[in-house]
Structure formats: C-alpha cells, structure tokens
Amino acid sequence: MTIAVAVTAALLAALAFAVAAVLQQSAAASVPETRSLHPSLIVSLLRRRVWLAGAALDVASFGIQGVALAFGPLVLVMPLASTDLLFALPLLAWRRGRRLTRAEMAGAACTAGGMAAFLVALPSVTGTAVPGLADWTLVLIAVVAVVASLLAVGFRTSGKARTALYAAAAGMLLALLDALTKSTADLFRNDGWDTLGHWEPYALIAVGVTGLLLVQSSYQAGSLAISLPVIDTVEPVGSVLMGAVVFREPLATSWALVGQAAAGALAIAGIVILSRSSLVQA
C-alpha cells in the first residue's frame, strides 16, 4: 500500500511540475538577463500572473512529492517524479490542436520503458529512516562545491552553455532538496511537531529558496528545451546517489545493476528526445 501511494504521488508531482515549468519559463524569459542569480529576479516574477500560476503548481508539486517521499525511498520516487516532460507534451499537443509525432512517441516510450525497467530492478530492502548529521556532512560539502563551481563557470559563459550550467546547478540543489524533504517527512511521521526542533526543516527552507532562484535563472537564460532535460537528468541521479549515501538505500547489484544503469540511460535518452520536440522548443 505504501509503495502504491509513493508511486501515485510521484507521478502526480511530475505532472504538476511539468505544467509549472512551461508557465514559469515563459515568464522568466521576459526578464532582463542582468537580474539572473539575483533576488530581484524573483521580485520581478512575482508581478506576473503566469509565473504565479506556475509557482502555485510548483508548491503543489512539492507537497505531493513530499507525500511520495514519506511513503517511499528516494531511489523509487525521484526517477518517477522526473518524468515531467512525459506528461507535459501530450497536454501541450492537445492545447495546440495537433498530434504527437513519431519521434515524440518514441521518446515517451523510451522514458516510460526505461523507468519501468529501472524500478523493477530496485531491491526491496529499505534504508535508514532518519539519518544523523554525520551522514549528511560529506553530501552537503560536495553539493556546495559542485553548485559553486557550476555557477562560477556559467557566469563567465553565455547562451546554451550558461543555460545548461545553471540548470545543472539547479538540479543538484533540487536533489539535495528532495533528500531533505524525505528526511523532514520521516521526522514528521515519527515526531510530529517536535520535528521543528531539528535542523532539517530550516535547511529545507534555505535550500528551497536558493533552488528556486537557480531554477528561474536557468529558465531565464535560455530555452526550456535545454534547462528542463538537464534538471530532469541531474536531479534524479543526484537524488538516487544521496539516497544511497545518506539513507543507505540499496541499489541493485551484479547484473541487475548493469540492467538498471541501462534502463536509466534509456530513460534519459527518452527525455533528450522529448526535449527536442517543437512543443518544448516553442
């Protein structure tokens, strides 16, 4: 029952995030590039109704994803929650009154099939429910170092490279946000409101605000066809690794691990194919 709740909630979160991304990118792209990575970017976006609608869906997506993480491990939830393009394209095609192309259907099939194979290979053993601060230390240092490096290089570039680098940094922070969300959700299930006496909820807020700024900066820097696939790749991979390191969530072993890696590669290939759709490019 708990796994069914986790899977259903993860897919609903992906649907909400997909629509939110389209709305927010259309608004962020109209803001001057000089406001990139600056809090004034968010201030400007708060005046746009389209962006606010996307933000509302983002909040809904985050809440639904929190439910999924409360009932399932990161290695299960995050690959499913990162299939937003799979949901966005049919909705966009319906809205614009056209059918999906063969390439788009092939991309959807690769993504769905890869995710299904990835999940079949997952071990049934659970990890650590509530990790301690020592379990987090290495991950926190690594994420800060990687994000800082990506932003430093991205700030010195332009065009597609900047978009991709900002999106990769955003994906890393979103992966950390996912891990903190799971930890906070597990604490709340065990301790109720006493969770506010732990550090995780406050780190969750700080990382969430910073991640929001990076995501919007990546949307502002260029096409959704570049930023969304990068986020959809970096976030689940980072989440799975954090699940294994912080929560001791087991990955597949031996030949099953090879199959799982191949399945993940197939799903990523599907996301890349979908990102080239004229629906996303537009």
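Points to keep in mind about this one:
- Residue within region 210-219 that is farther than 22 Å from residue 26 by Cβ and either part of a helix (DSSP H, G or I) or out of contact with any helix residue (DSSP H, G or I) (no Cβ under 8 Å at 6 or more places or on another chain) (or both) present: yes
- Some residue of region 244-255 being modelled with pLDDT under 80 and part of a helix (DSSP H, G or I): yes
- The residues listed here are 168, 161, 206; of these, the one that is within 22 Å of residue 239 (Cβ to Cβ), open to solvent by 40 Å² or more (accessible area, probe 1.4 Å) and aliphatic (A, V, I, L, M) is 206.
- For residue 186, the requirement of being assigned to a helix (DSSP H, G or I), more than 18 Å from residue 69 (Cβ to Cβ), of a type outside the set (A, V, I, L, M, F, W, C) and modelled with pLDDT under 85 is not met.
The values are calculated or read from the model by the stated rules, or taken from the named source; none is laboratory data. These figures come from a predicted structure and were not determined experimentally. For neighbour counting, all protein chains shown are included, and Cβ atoms are generated from backbone atoms with ideal geometry for every residue, glycine included. Remember, those area values only see protein heavy atoms, side chains included, never the ligands or the DNA or RNA. Shrake-Rupley method; radii C 1.70, N 1.55, O 1.52, S 1.80 Å.
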